[in-house]
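Worksheet: the structure to be examined is printed underneath.
The values are calculated or read from the model by the stated rules, or taken from the named source; none is laboratory data. Bear in mind the structure is a predicted one, so any value in this text is a computation, not a measurement. Using ideal geometry, Cβ is built from the backbone for each residue, glycine included, and neighbour counts are taken over all protein chains shown.
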Amino acid sequence: EPDVTIVSGLKDTVVFEGDDVTFQCQVSHENARDVEWKLQDVALQNNEMNEISVEKGKIHTLTLRKVTEQDIGTIAFRVGPHTSTA
C-alpha cells in the first residue's frame, strides 16, 4: 500500500463566534485510511457540530459549526505518520 502524504496542508483561520469554519487538507492518494482530525488533541467525530467529509477521494474537509470561544486552539489533520496543523 503506497505511503499517503499531505499534498496541501491546513491554513490558519480567524473566525467570529457563532460562525462556521472549514478546514481542508489534500492527500496524495484516494481512499486514505488512518485519517484523524483533532481540536486541542481531542479526536473529532462526525456529528451535528463537526462535519467531516472527503471530496474527490483526496480532499479531506472539516467544518466546525457555530464555533464558540471554547473552540479556540489548534486543529490537526493526521494521515498515517504525517500531520498538518492550523
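Condition check ((1) in contact with a strand residue (DSSP E or B) (Cβ under 6 Å, 6 or more places away or on another chain); (2) among the hydrophobic types (A, V, I, L, M, F, W, C); (3) surrounded by 11 or more Cβ atoms within 10 Å (Cβ to Cβ)) across all residues:
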site: THR5; (1), (2), (3): yes, no, yes
site: SER8; (1), (2), (3): yes, no, yes
site: PHE16; (1), (2), (3): no, yes, no
site: THR22; (1), (2), (3): yes, no, yes
site: GLN26; (1), (2), (3): yes, no, yes
site: ALA32; (1), (2), (3): yes, yes, yes
site: GLU36; (1), (2), (3): yes, no, yes
site: VAL42; (1), (2), (3): no, yes, no
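Of all strands (runs of 3 or more DSSP E) completely enclosed by the stretch 46-86, which ones contain at least 2 residues that are exposed (fewer than 13 other Cβ atoms within 10 Å of the Cβ)?
Of the strands (runs of 3 or more DSSP E) lying wholly inside the stretch 46-86, those with at least 2 residues that are exposed (fewer than 13 other Cβ atoms within 10 Å of the Cβ) span 50-55.
Pairs needed: first member in the stretch 31-50, farther than 15 Å from ASP20 by Cβ and at pLDDT 95 or above; second member anywhere, loosely packed, with under 14 Cβ neighbours inside 10 Å and of a type in the set (A, V, I, L, M); C-beta distance under 7 Å; at least 6 residues apart or different chains.
GLU36/ALA43
Go through (1) more than 11 Å from the chain's Cα centre (by Cα); (2) under 15 Å from GLN26 (Cβ atoms) for ALA86 and report which single condition fails.
Exception for ALA86: condition (1).
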